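Report on the structure given below.
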Amino acid sequence: MLASTLLPPSKLLPSHFVPPITVAEAPLRNRVAIFSKSTPKLAFVARATNDARDGTVDATSSPGVDAVTSTSSGLGDGYVALFVRMLGLDRDPLDREQAIIALWKYSLGGKKCIDTIMQFPGCINLVVNLLRLESTSACEAAAGLLRSLSSVNLYRNFVAESGAIEEINRLLRRSSLTPEVKEQSLTTLWNLSVDEKLWIKISKTEILPVAIKYLEDEDIKVKEAAGGILANLALSRVNHSIMVEAGVIPKLAKFLRSNLEGSKVLRKEARNALLELFKDNDYKILVMEEGLVPVPSIGAAAFKSFNPGLHLWPTLPDGTEIERTSRQPSPFGASELLLGLNIDDKNANLEEAKVSAMIGRSQQQFLARVGALEMEEKTIPNSDCSNDQRFTLLPWMDGVARLALILELEDKSASIKAAESIATACINEHMRIAFREAGVIKHLIRLLKCDDDAVQLAVTQALERLSVSDIVCQVIEAEGVLGPLVSILKCSGTVGTIVEKSLSILARIFDLSKQKQLELMDLRRHLVEEKMTVSTRLSSTEQTVSKTFSWNNILDSVFIAQLVEILKSSPPNLQGKAASVLEFVALSDPTLAQICFLDIESGLRSAFQQKILKISGLWRRRFTGEIQHQRDLNPK
């Protein structure tokens, strides 16, 4: 026992003098209090930590702990060695618990305090050993200290080599843990997973199922840390299959949906993880099936060219006009601006898809007008996406409206990216109808007239995917797509992929028309057999069919000649599409004069000789029979 400090006569001391107490003289249970009193900085940090658990600097905060400076006194630093010795395995468990709590609070002072702790070799191993204790306070403090140490780049490897990853993995598998212990432990792994070498090591400890499980925890800080771990581990494609099989996509996707609330950090980490999974073609559709749409990041400057028609009478996103119920101007000048916002009115009689399109358009236009779109233009760390390939994931209602908004901009490169995203997102009928209601078809057809191969390629890809739906295909034809497509095919220098996509769109449009014509013929035959008046029953159907096509475009000799040339010398996939278009022309035009003049029979013979193009014998006999019949009628 050290001797007590001798005091000078009291009359020689100032009135505020406090006699010093040596640590050896104080009981073990009071040493933490002495340590905190001797370091005013630590007392403040301890109070902040008790009030809010997010006071620690780690992977979720910026700037990093490297930038934090410490103002702790030399007296406080001198106690570090004592408390490190108190972590020894031969010490009383209560002393070890109080020592780790003191060191954890001390480490919150900044990088200088952390450097002081790391001057003692073997300290990390003693801290990791404390994770095995049953004491909740000791486990929380030990994990908290490891969290502080791992937030410094220089010490991450030391923490990993001490066995912290394995011990935390074991700790997190306990049946009952406090939210504080889970938060500190998961955040330590979050900090370690920033390093590429360490995320591989973490993956081998089967921590992924544990992190996915904690996405459903009640504590928001625990969810954030679990999401951060998954976002970092998703950077390695080796982990993708494990994550998907564990059901991570639905759990992450729910944090991005607009009807759910969550922290900004959690949404960011969930989006980063899903973006990495989205890059894998095997799981791209799974992400979109959760109601998420890929949207290109074009930069905030591109949206400055957006010019909404504020003084125009409002219309639905697909162009449908809204009936004016009153011609009287509003006394407040807001009648046109506010019209249509009360879409929940029972008398509105709007479909759910139209309502969603209106809400999405209103939200995106508002954000564009106030300059709030893409304010944060930071790339994802360790991501292989360049600035030209960056994109984000939005809930389908916002994503569809954002893509429609981008198509309205004057930026050609942005339009190309938006068209490509539309082609990617058309995975089901729901999404194709959503794009139709958002009014993207008229913008795509407008861009199709642009004399640029890159624009035409992206647009034809989008229209081809949209035309899979019969309902949307009719809208595409009604918006006037035949003229631009025929112009593209008439140009001999068009890229082969554009020709293929254009022929696919035309073939689908004509297939629908052939179905209508066959239905019309069947109906006519049925009515004739019943000796009924045909004209009254078929007027509407005939008008529908007659308005379907522009014959001046389809029966253009240059266009037909180009189809025949494709039929003669193109690959089998193009030959089949060209033959399908020519079949419709042959069935629709009673004279077939232009087709006979161009000798389509030679093109058919060339196609059949390859023995690759699979055309039914019935179609071949019907088509060639029509040609022979017309030749008999017109021998010249």
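The values are calculated or read from the model by the stated rules, or taken from the named source; none is laboratory data. Not measured: the values here are computed from a predicted model. Here the Cβ is made from the backbone with ideal geometry for all residues, glycine too, and neighbour counts use every protein chain on show.
Quick check: is even one residue across segment 113-125 within 20 Å of Trp199 (Cβ to Cβ) and at pLDDT 95 or above?
Scanning segment 113-125 turns up no residue that is within 20 Å of Trp199 (Cβ to Cβ) and at pLDDT 95 or above.
Taking the stated definitions as given, is Thr460 in a helix (DSSP H, G or I), more than 18 Å from Pro294 (Cα to Cα) and hydroxyl-bearing (Ser, Thr, Tyr)?
Taking the combined requirement at face value, the residue satisfies it.
Here are Asn281, Asn272, Asn239, Asn232: which of them is exposed (fewer than 15 other Cβ atoms within 10 Å of the Cβ) and not hydrophobic (A, V, I, L, M, F, W, C)?
Asn281
Tally time: how many residues in segment 386-435 are outside any helix (DSSP H, G or I) and touching a Leu at 6+ places or on another chain (Cβ under 8 Å)?
Counting residues in segment 386-435 that are outside any helix (DSSP H, G or I) and touching a Leu at 6+ places or on another chain (Cβ under 8 Å) gives 6.
Here is a check on your reading of the model: is Cys426 in the same structural domain as Gln365 (by TED's automatic domain parsing) and either buried (at least 21 other Cβ atoms within 10 Å of the Cβ) or free of Cβ contacts under 8 Å to residues at least 12 places away in the same chain (or both)?
The answer is yes for Cys426.
For residues that are acidic (Asp, Glu) and either assigned to a loop (DSSP other than H, G, I, E, B) or in contact (Cβ under 8 Å) with a residue 60 or more places away in the chain (or both), scanning just segment 81-120, find the one that is farthest from Thr136 (Cα to Cα).
Among them, the one singled out is Asp90.
In segment 133-152, which residue that is touching an Asp or Glu at 6+ places or on another chain (Cβ under 7 Å) and over 11 Å from Gln184 (Cα atoms) is surrounded by the most Cβ atoms within 10 Å (Cβ to Cβ)?
Here the answer is Ser151.
Kindly evaluate Met397 against the criterion of being at pLDDT 90 or above and either more than 15 Å from Pro296 (Cβ to Cβ) or in the same structural domain as Lys279 (by TED's automatic domain parsing) (or both).
yes
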